[in-house]
Amino acid sequence: MRSFLKYIYIIPLSILLGQDLYEGHISFDYSGTESGTFTGFVQDSIEIGGAINQANSDSASIYFMSVTEQGDEVFDLFLAILQDTIFPLQPRDWEIPGSGDDDNPLSLEAVLIFIPSVDSSLVDQLTSSFADTSSSQDSLNVDTLVSVVLETISDNIYIGLNGTFSILESTDSTFSGELEAVLLKPAFHFPPHLITISDGEFLFKKPDF
């Protein structure tokens, strides 16, 4: 657990240059094949969540990562990649998954990934890989991040099928919004394994260094 927290706080420092960095949390209830509450906190009071608004050559993107502790060494993990934002960040709605090639998830406008009941070793592996990807202080490598997720925790993963991700307010230092979505487990199941996220809210602010 300590190594997990160490990586969470190293990550923001390693990807600071050329990007707007935020810390905060996403919270929501989820129900369906698996049910629970996601708060964005571990050990009851430690807020674990970050967002990066990154300018590209002809567009911009924003990436979210948040973690909730659900029990002894068990966590829920939430990731989102939103394409075609304005830099710096402005209010906007994203339809999930939005436009793009369904056969190439990285081309979609809104990629949501939710992994319930992840043990601490897998969370450590993902966060350490994220830190390694960012250690050069270059732009975040989305291909590497998503590959790590798919390769290490594919058995637990749910991916956004439909819904809306909305940034409602944005200032020079904060942004907030709402989330509602239905997510599907890609593995074949009959009936399909689905999770519904309801009443999602998020609030992020630029950290004080």
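Please give the FRET efficiency for residue 161 paired with residue 117, using the beta carbon to beta carbon distance and R0 = 22 Å, rounded to the nearest 0.05.
So the FRET efficiency works out to roughly 0.65.
Where the alpha-carbon atoms of region 154-209 are placed on the principal axes, they occupy 47, 23, 12 Å, in descending order.
Modelled spin labels at residue 103 and residue 87, positioned 7 Å past Cα toward Cβ, are 3.0 nm from each other.
Taken together, the values in this text are just the output of simple stated rules run on the coordinates, not laboratory data. Because the structure is a prediction, the values reported are computed rather than measured. A quick note on method: Cβ atoms are made from the backbone with ideal geometry, for glycine too, and the neighbour counts reach across all protein chains shown.
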